[in-house]
Amino acid sequence: MAPEPMLSIATSLQPLRIEGLVKRFGKLTAVNGISLELNRGECLGLLGPNGAGKSTLIRGIVGRVIPDAGKVSVFGDSADSVGARMALGWVPQDLALYPRLTCRENLEAFGQYHGLRRAALKTAVAWCLDWSALADRADDTVKNLSGGMKRRLNMAAGLIHRPKVILMDEPTAGVDPQSRNRIFEMIEKLRGEGMSIIYTTHYMEEAERLCDRVAIIDHGCIIALGTKDELVHAAFASRSEVLARFENVDEVVIAWVNQRGGLFDNGTARFTIEHATEIGGLLDAAAKSGHELADVSLRKPNLESVFLHWTGRELRD
């Protein structure tokens, strides 16, 4: 029996390591000392509202913006090295396609940019068309494709060289629910092949479905990091959430909610309780204070609850 091949030093190292990354634009600090590690075969979500610093962090990794401080390494090599560039694949938030070329021609062009030629290029293009479910539209001009198809082709173009580390910056932006589900299936296929992925989004449900771990980012900082269960437990332990909507919301109601240790979020008051029986006391207290409730519900905290807990504002603000 032939001996098993030894892993190279490069492939045994961590796919991506970010150390103290800082990026400023004038007086605005878009990325404020972020340190992060991506594990092999992991999908790591960067979850946060628009303007939190997610896209700037991704662009700093791929060299589209020059960091003011910090270090990025890919399999132990500096992110600006040739080896790191070949190992990285980037799917930008904005479409980066040639609208007058066909799907096939776009993929051939991006493949050549990455040094693919002849048989290797042909194989890569065929894989991308199959993966993105665009094989039957291969010779259609990009400008005539639907928004969802363009988004899928944009993803394929970023992965034409079959990178080991993939950076996806809000790949479902502006697509309909059906197209979003197709994109989820594409990403899950990559995960099944053991790819290491960083996935940025401001949709909590995407992070919950796709990601092994989640880093919650706000104002350029990581404010929480872990699996969904770890994040929920760190913020709430075994407590549950009570969501309450009032018939009339005014300053008096908001003050009452704050006094009871709750948070007001988009017209809904959120409280945390240890036992379901505590709801009765909450309802009695509201009634005695003259506040009429329109609806009350009990639920287990989720990632959106965690974000609100740490920032005091709604995820999509």
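Between residue 138 and residue 245, the simple spin-label model (points 7 angstrom out along Cα→Cβ) gives 5.1 nm.
Neighbour counts of other Cβ atoms within 10 Å put 170, 108 in the fewest-to-most order 108, 170. What net charge is computed for the residues neighbouring residue 18, neighbours being all others with C-beta under 11 Å from the C-beta of residue 18, Lys and Arg scored +1, Asp and Glu -1? Around residue 18, the charge tally is 0. Annotation note: GluC sites (Glu not before Pro) in segment 238-290 located in DSSP loop regions with a Cβ neighbour count of at most 15 within 10 Å are 247, 274.
Subtracting the Cα-Cα distance of residue 64 and residue 188 from 0.36 nm times their residue separation leaves 41.9 nm of extension gain.
Loop-resident trypsin sites (Lys or Arg not before Pro) (DSSP state other than H, G, I, E or B) in segment 103-205 with no more than 14 further Cβ atoms inside 10 Å of their Cβ: 117. For the chain, the longest principal axis of the alpha carbon atoms and the long axis of helix 278-288 meet at an angle near 50°.
Note on segment 210-312: dipole from Cβ charges, positive end direction compared against 266, 232, 282; the farthest Cα belongs to 232. Taking amide hydrogens as placed 1.01 Å from N in the peptide plane, the amide H of residue 16 sits under 5 Å from those of 38, 75, each at least 5 positions away in sequence or on another chain. Considering only 79, 111, 58, the residue lying farthest towards the positive end of the dipole of the chain is 111, judged by Cα position with unit charges set on Cβ. Here the simple spin-label model places points 7 Å from the Cα toward Cβ, and for residue 284 and residue 297 these points are separated by 2.7 nm.
Here the dipole of segment 240-300 is about 180 debye; that uses its Cα centre as origin and unit charges on the Cβ of Lys and Arg (positive) and Asp and Glu (negative).
About the centre of its Cα atoms, segment 188-316 shows a dipole size close to 200 debye [charges on the beta carbon of Lys, Arg (+1) and Asp, Glu (-1) only; nearest 20 debye].
When DSSP assigns beta bridges and you keep just the ones with both residues in the chain, what percent turn out antiparallel, to the nearest 5? About 65 percent, rounded to the nearest 5.
For residue 39, what charge total do you get from the other residues with a beta carbon under 9 Å from its beta carbon, if Lys and Arg give +1 and Asp and Glu give -1? Summing Lys and Arg as +1 and Asp and Glu as -1 gives -1. Of the options 142, 217, 43, report the single residue whose Cα projects farthest towards the positive end of the charge dipole of the chain (beta-carbon charges: Lys, Arg +1; Asp, Glu -1). With unit charges placed on the Cβ atoms, the residue in question is 142. Along segment 205-218 the Karplus relation, 6.51 cos²θ - 1.76 cosθ + 1.60 evaluated at θ = phi - 60°, assigns HN-Hα couplings of 5, 5, 4, 5, 6, 9, 9, 6, 10, 10, 9, 8, 10, 8 Hz to successive residues, with x for each Gly and Pro. Per residue, the chain reaches -10500 deg cm²/dmol at 222 nm when only DSSP H runs of four or more residues are counted, each adding -39500 (n - 2.57).
Dipole magnitude for the chain: about 1280 debye, using +1 per Lys or Arg Cβ and -1 per Asp or Glu Cβ, origin at the Cα centre.
FYI, it's all coordinate maths here, none of it is from the lab. Since we're looking at a predicted model, the values are computed, not measured. No Cβ is skipped: glycine too gets one built from the backbone with ideal geometry, and neighbour counts run over all protein chains shown.
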